[in-house]
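The next block holds one structure in the form of structure tokens; read it before the comments.
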Amino acid sequence: MYNHQQIKLNARTHINGNHNAMLVALIFTLLCGGAGGSAGSIGNFGDSSSSSSSSSSAEVPDELAGFVAGVALVVLGVMLIAILVALAFSFFVSQPISVGVYGWFRRSINEKKPTVGSVFNTFKGGYYLKTVGFSFLVNLYITLWTFLCIIPGIYKSYQYYMATFIKTENPDLSTSKCLEMSKLMTDGHKADLFYLDLSFFGWTLLGALTCGILNIVYVVPYQMSAKAYAYEALKAEAISYGKIAKEDFICMSGGYYPEDF
């Protein structure tokens, strides 16, 4: 059964002295959540010499306007390329690693000792494109619901809260099946999960004040472990109530998620 206090106590106990969790948090922060856009500044071009030539004074503003327009087009082009590169990196690198991190914490709380490098196993075993497709669809669904209104987007994000954990346990499941199972698992517990996230707000602020150092050494391992314990609690509850079948979590193909993480 879901017990907020017990979940957080288990998470704190789990990360105590767990150096691998810190290394995974470092990877997660740098490659999945720590990328910040770099803003370039446009310097002054300097004043042109004040010597008057035979050109008319009306031609100077036109030439300057054309020059500025050209620079603006170049800047916009660079910005567009940067955005496309960032999106490609997110879809094809950050998202698969993020799924790997979720799987790592799920396995680590189940008395297993996954290696730090196993967070990259989502790039192996023929499941890479399926992982990319899964992450893309989940984010797309939440984004579309958010476009309708902010509240439905938040509601759906908590309905789909456990989909990634489910996918790491049985990568053979389709995206729609993972989402449906997550809906059943989170039924009646969306407010609990919101409260769980809210309880880390203060820690996140402290992490920001330390330039993210506290996030790596404590906050991210603590929060991810808590999410993993919440997943196991809701999974056990849903199975006991007959909402979902235990067999749904068994990967029949022996994929890399259950065996290698």
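The values are calculated or read from the model by the stated rules, or taken from the named source; none is laboratory data. Here the structure is a predicted model, which is why all the values come from computation and not from measurement. Reconstructed Cβ throughout: ideal geometry from the backbone, glycine too, with neighbour counts over all protein chains shown. Note: accessible area is taken over every heavy atom of the protein model, side chains too, but ligands, DNA and RNA are not part of it. Shrake-Rupley method; radii C 1.70, N 1.55, O 1.52, S 1.80 Å.
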**Request:** Could you run the Karplus curve 6.51 cos²θ - 1.76 cosθ + 1.60 with θ = phi - 60° over the stretch 75-87 and give me ³J(HN,Hα) per residue in whole Hz, x for Gly and Pro?
**Result:** 4, 4, x, 5, 4, 5, 4, 4, 5, 5, 5, 5, 5
**Request:** Could you work out the relative contact order of the stretch 98-228, using alpha carbon pairs under 8 angstrom and six or more residues apart, expressed as a whole percent?
**Result:** 25
**Request:** In nm, give the distance between the simple-model label positions of Gln6 and Ser240, each being 7 Å from the Cα along the Cα-to-Cβ direction.
**Result:** 0.7
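Rounded to the nearest 0.05, what FRET efficiency do Ser174 and Asp62 give with R0 = 41 Å and r taken as the Cβ-Cβ distance? Could you check?
It comes out at approximately 0.10.
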**Request:** Would you kindly derive the ³J(HN,Hα) couplings of the stretch 119-124 from the backbone phi angles with the Karplus curve 6.51 cos²θ - 1.76 cosθ + 1.60 (θ = phi - 60°), listing them in order in whole Hz, with x for Gly and Pro?
**Result:** 5, 8, 5, 5, 8, 10
**Asked** Around Ile244, which amide H atoms from residues at least 5 apart in sequence, or from another chain, sit under 5 Å from its own amide H, with H modelled in the peptide plane?
**Response** Ile239
**Message:** At 1.4 Å probe size, put Cys178, Cys149 in order of accessible surface, largest to smallest.
**Reply:** Cys149, Cys178
**Prompt:** Under the rule of -39500 (n - 2.57) per DSSP H run of 4 or more residues, summed and divided by the residues of the chain, what mean residue ellipticity at 222 nm is obtained, to the nearest 500 deg cm²/dmol?
**Reply:** -19500 deg cm²/dmol
**Among Val74, Val119, Phe91 the positive-end extreme of the charge dipole of the chain (Cβ point charges)** = Val119
**Request:** Give me the accessible area per residue for the chain, probe 1.4 Å, as a whole number in Å².
**Result:** 56
**Prompt:** Under the definition of Cα pairs under 8 Å and six or more residues apart, what whole-number percent is the relative contact order of the chain?
**Reply:** 31
**Message:** Give the residue list of trypsin sites (Lys or Arg not before Pro) in the stretch 216-255 that are DSSP loop and have at most 15 other beta-carbon atoms within 10 angstrom.
**Reply:** Lys243
**Complete:** For the chain, the dipole about the Cα centre with charges only on Cβ (Lys and Arg +1, Asp and Glu -1), to the nearest 20 debye, works out at 1020
**Fill in**
Length gained if Glu111 through Leu198 is fully extended, taking 0.36 nm per residue and subtracting the Cα-Cα distance, is 28.6 nm
**Request:** Report the percentage of all Cα-Cα pairs in the chain whose separation exceeds 34 Å, rounded to a whole percent.
**Result:** 29
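What is the calculated FRET efficiency for Phe249 to Leu137, with r their C-beta to C-beta distance and R₀ = 25 Å, to the nearest 0.05? The partial results should precede the final answer.
Numbers: r = 20 Å, r/R0 = 0.81.
So the FRET efficiency works out to roughly 0.80.
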**Asked** Of the chymotrypsin sites (Phe, Trp or Tyr not before Pro) in the stretch 67-137, which ones lie in a loop per DSSP and count no more than 16 other C-beta atoms within 10 Å?
**Response** none
**Fill in**
Of Tyr158, Tyr141, ordered by accessible area with the largest first and a 1.4 Å probe, the sequence is Tyr141, Tyr158
**Message:** Explain nothing, just compute: Karplus ³J(HN,Hα) = 6.51 cos²θ - 1.76 cosθ + 1.60, θ = phi - 60°, for every residue of the stretch 152-164 in order, whole Hz, x for Gly and Pro.
**Reply:** x, x, 5, 4, 5, 4, 7, 5, 8, 4, 9, 4, 5
**Prompt:** Once the piece of chain linking Tyr128 and Ile154 is laid out straight, how much longer is it, given 0.36 nm per residue of separation minus the C-alpha distance between them?
**Reply:** 6.6 nm
**Between the stretch 166-216 and the stretch 115-138, the Cα center-to-center distance that results, in Å** = 18
**Message:** Starting from 0.36 nm per residue, how many nanometres of slack lie between Val85 and Leu206 once their C-alpha separation is accounted for?
**Reply:** 40.5 nm
